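Some notes on the structure that comes next.
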Amino acid sequence: MSQFWKPGAEKPRLLDDEEGGVVFLSSSLSSASSIGYGYASIEKQRQRLPVYKYRTAILYLVETHATTIIVGETGSGKTTQIPQYLKEAGWADGGRVIACTQPRRLAVQAVASRVAEEMGVKVGEEVGYTIRFEDFTNKVRHLSSYLSIFGVIIFVMHAGISSLAVQDLTAIKFLTDGVLLREMMDDPLLTKYSVIMVDEAHERSISTDILLGLLKKIQRCRSDLRLIISSATIEAKSMSAFFHARKGRRGLEGVELVPRLEPAILSVEGRGFNVQIHYVEEPVSDYVQAAVSTVLLIHDKEPPGDILVFLTGQDDIDATIQLLTEEARTSKKNSSGLIILPLYSGLSRAEQEQVFSPTPRGKRKVVISTNIAETSLTLEGIVYVVDSGFSKQRFYNPISDIENLVVAPISKASARQRAGRAGRVRPGKCYRWLYTEEYFVKEIPAEGIPEMQRSNLVSCVIQLKALGIDNILGFDWPASPPPEAMIRALEVLYSLGVLDDDAKLTSPTGFQVAEIPLSIWVSGRGAQKELDEAKLRFAAAEGDHVTFLNIYKGFLQSCKSSHWCHKNFINYHAMKKVIEIREQLRRIAQRIGIVMKSCESDMQVVRKAVTAGFFANACYSEAYSQSGMYKTVRGSQEVYIHPSSVLFRVNPKWVIYHSLVSTDRQYMRNVISIDPSWLLEVAPHFYQQHRLNPIH
Ligand code: CDP
Ligand code: MG
């Protein structure tokens, strides 16, 4: 069964002036195909992008409107071009900075390198980026070459120039929306930025939504600030209504305010080609096998053109790559021309470069990606899309207080975006292999739900409180979160001692929590058996957190050797990141006056510390339970230890987990065993004696 869909048929159109201060622009498009981009000069490539025709209009709208909403198909040049137009028009003069936010770290790095390349500079100079734990801005140019020549004297000058240069070298800065929020803690009005472009706004991540709410507030105090809200598919009218609805500030009668407060909306017409959609006739059961077979079928039957496969996460991407590599090797048909590459956040620079580099003649690239390639990144040369139709999504139930990472169907809007990736260079094909056409039409929701409305809001509330937003329930959100989720978050923070009786951040604990970002970064790759053996070498009876600590200690003892990592199936880059993060945390701790003290070999201290942070995630196994089943203390939900945990099959009576994933069951990931009496010690508000006693 197949149907035709023309990307662009349902693209948002320009609204007329009545509906919000809009300039109409014709959509005459260059008919030049993007095939052959590799041969054109960078300047020619820039001029061929659909957004180029709108350069003057964009600059005019930004000049005259506080907020400009720009909608344009993926690949039309919004992210890479608009910040450059702004710089060329003088928005970075006088040491001011143009910011462009992205929901994803990988996209930040990729677009910063592309824009730096287009401008002929190094990343970190005029074009920089900042993601959590990585700041590539305001690097002094070319000094390293002088250093070798002039030695010590220049070194001293270098130090001097570095400190001077911190003001203004980076004119265009790409950053995640989370990092921009964090910057607001030091500079609430974001004074160094002249224009802030909130890109990929349709993703509606929690950070994007908080940012939109706060930027609207900042606009009241800064008439010089300009906002651009850009995305592939945003509901432009409701976004415009959000920015237009304000209390208080009005223009004097008969006097027009400059900039105008009602947002301008601009739609950039793309040049998508037809994409033919193929559905399976019967739903398939083996998801990875079906993806692999579809890729091999395309490679066998279809003319040249790269393939983009959408899966849900690193695990199934790695499994698919392994199976595809094996089947391609043993296949009777000629599969030698396949270049198989993963695409997910956390890839090394070299791995990213491979994905973006042009496909050699006679070869076919197969990129196996998470939904990062849906709109954040454009890959040239894709003609075939193989779409699972699913992604990993967060779902939170405030009643049971359980947040799950669930593999769930994507919306129709997302499915169309994914299909559109096949129509960039010429007519393409999209294979939806996990559901039938009937299921797609009848069961798949038209739009996704903003993350804000399906997440645990603890960290969101801390951030707002730390920024001095006391009336969280009355905050002006683009989409209001459910009140139950807000109340749950306030309750948890109160029990943690982060909020006081007036729901204000306690000082200093609350501010300390708001400043400290945390992640765990260990991953392994390779043959399962060897990987399992390597894991056993570090496994600790106490649980995964102590195991991670063993790995960290081993890495230090090896003098941070990459060979040691390779031997032990540990990701060297991840370990280097761990070292960097620890150093950052150490600096934050020092700045806010926390005295660092080693736990030496006392693992009980570590387990108690984890308990203090994650007491809400405590679970117990019932005495008669043979099945490895646990129950959460708070919601009595059934959960199981994930097979990747060192405590899988060990099943201690009491555990705390770090996160839950749902597949066939609810699995706890990163689990540590605890003594239940600690729960009363660290969170007496939460766990009264009577709730724990019957279980002892
Ligand atoms: O933001 P939008 O999706 O509208 O487009 P963009 O990311 O600015 O991409 C415009 C063009 O730059 C596309 O043709 C991409 O192929 C190219 N690009 C690239 O070659 N490498 C990157 N890292 C990013 C963009
Ligand atoms: Mg973009």
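Coordinate-derived values only; no laboratory data. Not measured: the values here are computed from a predicted model. Because the Cβ atoms are built from the backbone with ideal geometry, glycine has one as well, and the counts that use them run over all protein chains shown.
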Fill in the blank from the handout: Going through LYS216/LYS504; LYS465/LYS553; LYS392/LYS631 one by one, the pairs whose alpha carbons sit over 28 Å apart turn out to be LYS465/LYS553
Problem - Among GLN322, LEU308, PRO360 the positive-end extreme of the charge dipole of segment 281-395 (Cβ point charges) - result: PRO360
Exercise for the section: Using per-residue counts of other Cβ atoms within 10 Å, averaged over each peptide, order 182-194, 637-649, 371-383 from highest down. Expected result: 371-383, 637-649, 182-194
Problem - J(HN,Hα) series, segment 190-200, from Karplus relation 6.51 cos²θ - 1.76 cosθ + 1.60, nearest Hz, glycine and proline x - result: 6, 5, 7, 8, 8, 10, 10, 9, 8, 9, 6
Practice task
Would you list which aspartates and glutamates come within 20 Å of LYS87, measuring only between C-alpha atoms, while excluding same-chain residues fewer than 8 positions from it?
Solution key: GLU43, GLU63, GLU117, GLU118, GLU125, GLU126, ASP168, ASP199, ASP224
Fill in the blank from the handout: With label points set 7 Å from each Cα along the Cα-to-Cβ direction at ARG222 and ASP476, the distance between them in nm comes to 1.6 nm
Fill in the blank from the handout: In whole Hz, the Karplus estimates of ³J(HN,Hα) for segment 564-576 (6.51, -1.76, 1.60; θ = phi - 60°; x where Gly or Pro) are 4, 5, 4, 4, 9, 6, 10, 6, 4, 5, 4, 5, 5
Practice task
List the aspartates and glutamates whose Cα lies under 12 Å from the Cα of LYS53, skipping any in the same chain that are fewer than 8 positions away.
Solution key: GLU269
Fill in the blank from the handout: Taking Lys and Arg as +1 and Asp and Glu as -1, residues besides GLY75 with C-beta under 11 Å from its C-beta add up to +2
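For segment 525-615, run through the trypsin sites (Lys or Arg not before Pro) and keep only the ones in DSSP coil with at most 13 other Cβ atoms within 10 Å of their Cβ.
Sparse-neighbourhood loop trypsin sites (Lys or Arg not before Pro): ARG525, LYS560, LYS597.
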Problem - Length added when fully stretched, ALA503-TRP564, from 0.36 nm per residue minus Cα-Cα - result: 17.1 nm
Exercise for the section: Convert each backbone phi in segment 87-102 into a coupling constant with the Karplus relation 6.51 cos²θ - 1.76 cosθ + 1.60 (shift: θ = phi - 60°), then list the ³J(HN,Hα) values in order as whole Hz, x for Gly and Pro. Expected result: 5, 4, 8, x, 6, 9, 5, x, x, 7, 10, 9, 9, 9, 9, 9
